[in-house]
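Bear in mind that the values in this text are calculations on the coordinates, not laboratory data. Since the structure is predicted, the reported quantities are computational estimates derived from the model, not experimental observations. With ideal geometry, Cβ positions are generated from the backbone for all residues, glycine too; neighbour counts draw on all protein chains shown.
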Amino acid sequence: MQMNMSFFTSGMMLAFAAYSSFSVSDAYSKLLAGQLDPFEVAFSGGVFGFLIIPFIRRPNESLRDIFSPQRPGMWVVRAIAIFASTAASVEAFMLLPMPEALSLMFLMPFFVTVLSVTLLREKVSGWAWLSVILGFVGVLIVLRPGVRALHLGHLCAVIAAVANAVGVIAYRLAGNNTPRLSLFGSSLFGPLVGDGLLMLGHAHWPHGLKTWMFLFGYGFLAALGQLLMMMATARAPANRVALPQYSQMLWAVAFSYFLFHQPLDNWTIVGIIVVTLSGMLNWIRQRIHFEHLAMEERRERRRHMHDPAGATTVQVPMK
């Protein structure tokens with residue numbers, strides 16, 4: 001039991017590390033605003049992501065798995081979704097304060113729920129709908145349409161949320177037997193091909209050591225976050241691993257205030273709190289559900305410990 005708890009704790013710590021890596025990567029992309037084309041920055045994510053492949057590849061996996069997925073259709077869908085997500089998120093972080101962009105990207109669970117119902121015919125509980133509706137209300141508080149002007153940055157953040165949701169659905173449709181290299185390969189070649197084509201008319205060679213450091217930080221840390229997330233999901237349940245995602249908002253607020261000097265107004269802060277609480281509500285609902293299943297399993301185990309012949313009865317102390 002102690003070993004399992006330690007294993008679970010390591011999974012949660014890896015998840016926090018993964019989301020921290022993603023947050024710092026996003027900050028690097030914002031630091032490159034005005035210096036490089038957004039598509040060129042997103043393209044670098046695919047280039048520097050190759051440095052992570054030796055750490056992802058398992059002994060029984062071939063490098064050819066990157067190019068020869070078991071379900072080519074889903075591989076292409078994931079690659080396109082990740083290309084759209086990276087390009088749109090880089091543009092959004094360049095144009096918006098980080099917490100504002102991130103609050104819009106947290107609409108992803110809403111789009112995942114809608115797509116799960118319409119495409120996968122999954123049943124969604126009332127708690128899950130309440131969570132995503134609350135998140136949507138929080139985003140409306142942040143945006144306040146009709147009160148403040150909306151522009152390209154807001155649209156890009158929503159596109160990133162939709163694209164991420166499509167990527168999640170494609171991952172589910174691909175099944176659990178898809179090699180990790182195939183999954184990671186789609187996250188590399190989507191930005192490489194898509195952003196590579198779009199940057200041709202605007203790209204220029206980066207100048208200065210600082211620019212190269214920012215580019216490397218963006219690409220490498222984004223790929224490192226993917227690796228840490230794979231390791232985290234192998235050690236802890238997916239619903240627990242998702243909770244530290246909201247630590248990204250703390251990073252975003254801190255970067256906004258102290259690095260980019262973009263303070264938030266009161267309504268934006270309220271909206272961010274509502275968005276964060278919506279995710280916490282979904283996690284609490286899942287925790288209660290799994291705790292209930294665990295209690296039922298323990299009761300069933302105790303019933304089976306009684307000898308059907310009536311010869312012996314094992315007394316189990318109640319906790």
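Calculate I(q)/I(0) for segment 12-304 by the Debye formula, one identical point scatterer on each C-alpha and no solvent, and give its log10 at q = 0.09 Å⁻¹ to two decimals.
Values returned for q = 0.09 Å⁻¹ are -0.45.
If you take every residue apart from L197 with its C-beta less than 13 Å away from the C-beta of L197, what net charge results, scoring Lys and Arg +1 and Asp and Glu -1?
On the way: positive: none; negative: D37, E40, D195.
With Lys, Arg at +1 and Asp, Glu at -1, the neighbours total -3.
List the residues, sorted by chain then number, that are 5 or more residues from A33 or on another chain and whose placed amide H is less than 5 Å from its amide H.
Correct list: empty.
Provide the gained length on full extension for the span E296 to S10, in nm with one decimal, where the gain is 0.36 nm per separating residue minus the Cα-Cα distance. Spell out each step's value before the answer.
Working: separation 286, 0.36 × 286 = 102.96 nm, distance 2.68 nm.
Fully extending the segment from E296 to S10 adds 100.3 nm.
Once the piece of chain linking K123 and H202 is laid out straight, how much longer is it, given 0.36 nm per residue of separation minus the C-alpha distance between them? Each step should come with its number before you reach the end.
On the way: separation 79, 0.36 × 79 = 28.44 nm, distance 4.55 nm.
Stretched fully, the K123-H202 segment lengthens by 23.9 nm.
State, to one decimal in nm, how far the label point of H261 lies from the label point of V114, with both points 7 Å from Cα in the Cβ direction.
3.9
Read phi for every residue in segment 82-92 and hand back ³J(HN,Hα) as whole Hz from Karplus 6.51 cos²θ - 1.76 cosθ + 1.60, θ = phi - 60°, with x for Gly and Pro.
Result, rounded to whole Hz: 6, 4, 5, 5, 5, 5, 5, 5, 4, 5, 5.
Using modelled amide H (1.01 Å from N, peptide plane; none on Pro or chain starts), what sits under 5 Å from the amide H of R148, excluding residues fewer than 5 places away?
Correct list: empty.
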